[in-house]
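*Asks:* A single structure is presented below for examination.
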Amino acid sequence: MELNAVIEAATKTLVDHVEELTELDAAIGDGDHGLNMKRGAEAIQAKRDVLAGQSLNDALKTMGMTCMNTVGGSSGPVFGTLLVTLGKELPPQPTSAALARALAAGIAALSRLGKVEVGQKTLLDVLDPVQKVLAAGGDDLIARVRQCAHDSARATAQMDAIKGRASFLGDRALGHVDPGSRSMALIIDAVCDSLQKDMR
């Protein structure tokens, strides 16, 4: 896996989708999610030289701390905690099974951080089904993970919002995709795309 290419792909997709993420958040949140994610992505891109000299584990921790220090709102602690946890849990040469275990730890950490559960219209509703696909393994895993991430993000439109500003909207939040879930799906898609290119 070419880590620099994966990081470039993941951060670029967030920058490229800033308007979409802003519109999603404007419908049910503060409207700042897109710009916050773009700020974090650009801060990570600015650390290219540092990240290039780091191991996978250290790079994940560096990116996590960068998110915590630069991304506003709840997204900084959320995405930062996820990255730092993955950096702690993943082996240097991760397999799909190892990634599934690390994601399970990340989901647990985010559940504690936000006092949130799967099914409450958050990015956990993408991470949890993706984790299950990874844990099951099998053929065409990358393609199935990508599809699962996008399908799961879209499914948040039919969930009641329990946490955050969207929770105050009640039924008016229905029909709107959770912005954090969409961001998570975009990141997973970019990572999957990079991995598929490595395999060609």
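*Asks:* Determine, yes or no, whether Arg48 is under 24 Å from Thr122 (Cβ atoms) and not hydrophobic (A, V, I, L, M, F, W, C).
*Replies:* no
*Asks:* With Ala102, Ala108, Ala98 as the choices, which residue is surrounded by 22 or more Cβ atoms within 10 Å (Cβ to Cβ), closer than 22 Å to Ala136 by Cβ, of a type outside the set (Val, Ile, Thr) and at pLDDT 95 or above?
*Replies:* The unique qualifying residue is Ala102.
*Asks:* State which residue pairs qualify: first residue outside any helix (DSSP H, G or I) and inside the stretch 60-78, second residue of a type in the set (Ser, Thr, Tyr) in any location, beta carbons under 7 Å apart, and separation of 6 or more residues or different chains.
*Replies:* As it stands, the answer is none, since no pair meets every condition given.
*Asks:* Could I ask something else about it? Just checking, how many residues over the stretch 112-153 are exposed (fewer than 15 other Cβ atoms within 10 Å of the Cβ) and either basic (Lys, Arg) or at pLDDT below 90 (or both)?
*Replies:* Residues meeting the conditions: 3.
The values are calculated or read from the model by the stated rules, or taken from the named source; none is laboratory data. Since this is a predicted model, take the numbers as computed values, not measurements. Using ideal geometry, Cβ is built from the backbone for each residue, glycine included, and neighbour counts are taken over all protein chains shown.
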